[in-house]
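The values are calculated or read from the model by the stated rules, or taken from the named source; none is laboratory data. Here the structure is a predicted model, which is why all the values come from computation and not from measurement. Cβ coordinates were reconstructed from backbone atoms using ideal geometry, including for glycine residues, and neighbour counts include every protein chain displayed. For accessibility, only protein heavy atoms count, side chains too; no ligands or nucleic acids. Shrake-Rupley method; radii C 1.70, N 1.55, O 1.52, S 1.80 Å.
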Amino acid sequence: MTKKTGIFTALILLVILAVLGAVYFLYFQKDEETTDALTLKPADFSDLSGWQQDSLEQFLPSFLQSCTRIQRYPDDRSMGGNLIAGRAVDWKDLCQKAFALPSEATTIRRFLETNFTPFEVRNNVDPVGLFTGYYEASLKGSLTQSEIYNTPLYLRPAELVMVHLGRFRDSLKGQRIAGQVKNGELLPYPTRKDIESGALENRDLEIVWVDSAVDAFFLHIQGSGRIELEEGGDLRVGYAAQNGHPYFAIGKTLIEEGHVPREKMSMQAIRQWLEENPERAQEVMNKNASYIFFRKLDTSAPIGAQGVPLTPKRSLAVDRKWMPLGVPVWLETEVEGSSSAMDPFNHLLMAQDTGGAIRGPVRGDVFWGHGSDAYEKAGSMKSTGRYWIFLPNKVAKEYLEKSSAVPTG
């Protein structure tokens with residue numbers, strides 16, 4: 001190669017890199033910055049519909065779970081999210097007081113009203129978002145592979161690298177990627193299709209074998225489950241890692257192909273189609289390239305992303321890019337009632353978990369617990385709603401002082 005040719009090639013490479021950078025900025029970074037923006041509007045407790053009626057004694061255990069975790073944080077640790085909730089030290093005194101509270105709704109309500117300020121959470125100026133549900137899945141399995149039990153649940157592979165981008169750049173807080181290092185480069189990890197085709201076979205990574213690929217797929221979406229073992233007893237598993245590929249909702253495919261009407265889409269509808277169409281089920285499931293790895297849990301409940309046990313109907317999964325974990329959130333939405341009519345769901349929950357499909361400032365996933373009722377509630381829940389975050393008064397005052405403009409209308 002001549003010197004002139006080498007210079008020309010280098011210039012071409014620079015142009016290509018510049019174009020790629022521009023495309024990324026225009027279609028990813030810029031779009032993300034201009035489309036989504038968390039804003040907070042100060043509110044009063046009187047603005048919360050049903051606040052006086054909520055059974056807060058049912059909320060207190062979930063709050064104390066988060067407090068126990070927060071007490072172990074360094075004082076200067078950020079509470080995370082969009083840096084709206086201050087540092088751990090801002091919560092520790094309140095947590096200490098909460099440990100002494102009796103399990104009595106009136107006293108708990110008075111404590112919250114005295115020490116916290118509610119803020120309506122908005123995406124720019126829009127307070128309305130989507131709220132769904134999830135549950136602890138039930139499966140049947142065996143510690144030994146057989147013709148019946150032939151779908152594995154895998155431990156996290158040692159070579160899988162999880163990268164929290166916020167540790168490298170503040171603008172990327174709450175975002176992460178995953179992959180594997182080869183020849184000094186971080187490369188994409190195998191997709192769901194790759195793994196289902198045997199990419200991890202003969203690695204001794206199987207925790208357990210289950211009898212249904214569809215059940216395993218839904219376990220990946222829920223993130224935690226109990227396996228009834230053929231050998232006797234139960235095995236609880238929880239989220240350990242993810243392969244780094246983005247979550248894709250396969251319900252979109254079923255709608256686009258005309259298999260399920262949009263208005264009838266639900267978790268139950270997806271499961272029914274997959275079970276009735278085994279010849280295409282794996283193909284459709286593989287459209288979701290995201291794949292979850294698990295760990296054994298020796299706990300009384302599933303563990304959320306904050307590292308605390310989840311409480312049915314009192315734990316909420318949020319997008320940690322925007323919302324901090326370990327904070328109280330007042331949610332107003334709807335759930336399907338016993339007669340298929342929609343009932344109000346106005347309750348105080350704790351932001352304690354995350355999920356691959358939970359994206360945006362006003363977005364949440366209610367944990368419903370374990371069992372058939374939890375499955376039905378979670379599977380049918382897809383409602384618009386609003387929520388408010390509770391901030392300690394000191395943090396609320398600092399936020400208002402720093403905010404040059406707070407939405408009012």
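Provide, as a two-decimal number, the C-alpha radius of gyration of region 35-104 over 2.2 N^0.38 Å, N being how many residues it has.
My calculation over the Cα atoms of region 35-104 gives 1.32.
Putting +1 on Lys and Arg Cβ atoms and -1 on Asp and Glu Cβ atoms, find which of Asn243, Leu331, Pro74 reaches farthest to the positive end of the dipole of the chain.
The Cα lying farthest towards the positive end belongs to Pro74.
For Ser78 and Met162, calculate 0.36 nm times their separation in residues minus their Cα-Cα distance, and state this gained length in nm to one decimal.
28.2 nm
Give or take rounding to whole Å, what are the principal axis extents of the alpha carbon atoms in region 305-376, in descending order?
Projected onto its principal axes, the Cα set of region 305-376 covers 37, 23, 21 Å.
Express the carbon and sulfur contribution to the solvent-accessible surface of the chain as a percent, rounded to the nearest whole number, probe 1.4 angstrom.
51 percent
Starting from the Cα of Lys296, draw a straight line to each of the aspartates and glutamates and keep only those under 20 Å, dropping any in the same chain fewer than 8 residues away.
Correct list for Lys296: Glu136, Glu159, Glu201, Asp204, Glu206, Asp211, Asp215, Glu228, Glu230, Glu231, Asp234, Asp353.
Hey, which aspartates and glutamates would be in cross-link range of Lys264, C-alpha to C-alpha under 18 Å, not counting anything within fewer than 8 residues on its own chain?
Straight-distance partners of Lys264: Glu256, Glu275, Glu276, Glu334, Glu336, Glu376.
Place a +1 charge on the Cβ of each Lys and Arg in region 188-313 and a -1 charge on the Cβ of each Asp and Glu, then give the dipole magnitude about the Cα centre in debye, rounded to the nearest 20.
In debye, rounded to 20, region 188-313 gives about 660.
To the nearest whole percent, what portion of all C-alpha pairs in the chain is separated by more than 30 angstrom?
So the portion of pairs separated by more than 30 Å is 47 percent.
Rounded to whole Hz and in sequence order, give me ³J(HN,Hα) for region 372-388 from the Karplus expression 6.51 cos²θ - 1.76 cosθ + 1.60, θ = phi - 60°, writing x for Gly and Pro.
Couplings: 5, 5, 4, 4, 5, 5, 5, x, 8, 7, 7, 10, 6, x, 9, 9, 10 Hz.
What full-extension length gain, to one decimal in nm, is calculated for Val128 and Glu401 as 0.36 nm per residue of separation minus the Cα-Cα distance?
The span from Val128 to Glu401 would gain 95.7 nm if fully extended.
Where does region 151-246 land on the Kirkwood hydrodynamic radius, alpha-carbon pairs, in angstrom?
15.1 Å
Under the rule of -39500 (n - 2.57) per DSSP H run of 4 or more residues, summed and divided by the residues of the chain, what mean residue ellipticity at 222 nm is obtained, to the nearest 500 deg cm²/dmol?
Using -39500 (n - 2.57) per qualifying helix, the result is -8000 deg cm²/dmol.
For region 341-409, divide the Cα radius of gyration by the Kirkwood radius and give the resulting Rg/Rh value with two decimals.
1.05
How many nm is it between the label spots at Ser146 and Lys394, if each spot is 7 Å from the Cα in line with the beta carbon?
Using points 7 Å along Cα→Cβ, the separation is 6.0 nm.
Can you compute the radius of gyration and Dmax for region 208-265, using only the Cα atoms, both in Å?
Expressed in Å, the Cα Rg and Dmax of region 208-265 come to 14.9, 43.
Post the alpha-carbon centroid distance, region 110-137 to region 219-293, in whole angstrom.
About 27 Å separates the Cα centre of region 110-137 from the one of region 219-293.
Using 0.36 nm per residue, how much length does the chain from Glu231 to Gln268 gain when fully extended, once their Cα-Cα distance is taken away?
Stretched out fully, the Glu231 to Gln268 stretch lengthens by 10.4 nm.
Might you report the magnitude of the Cβ-based charge dipole of the chain about its Cα centre, with Lys and Arg at +1 and Asp and Glu at -1, to the nearest 20 debye?
Result for the chain is approximately 1600 debye, rounded to the nearest 20.
Search the structure for amide H atoms under 5 Å from the amide H of Ser315, placed 1.01 Å from N in the peptide plane, and list their residues when 5 or more places away or on another chain.
Sorted by chain and number, the residues that satisfy this are Met350, Phe367.
Using only the C-alpha atoms of region 245-363, find the volume of their convex hull and express it per residue in Å³.
For region 245-363, the hull spanned by Cα atoms encloses 158 Å³ per residue.
In nm, give the distance between the simple-model label positions of Lys252 and Arg203, each being 7 Å from the Cα along the Cα-to-Cβ direction.
2.7 nm
Any idea of the accessible area per residue across region 223-281, 1.4 Å probe, to the nearest Å²?
About 53 Å² of surface per residue is accessible.
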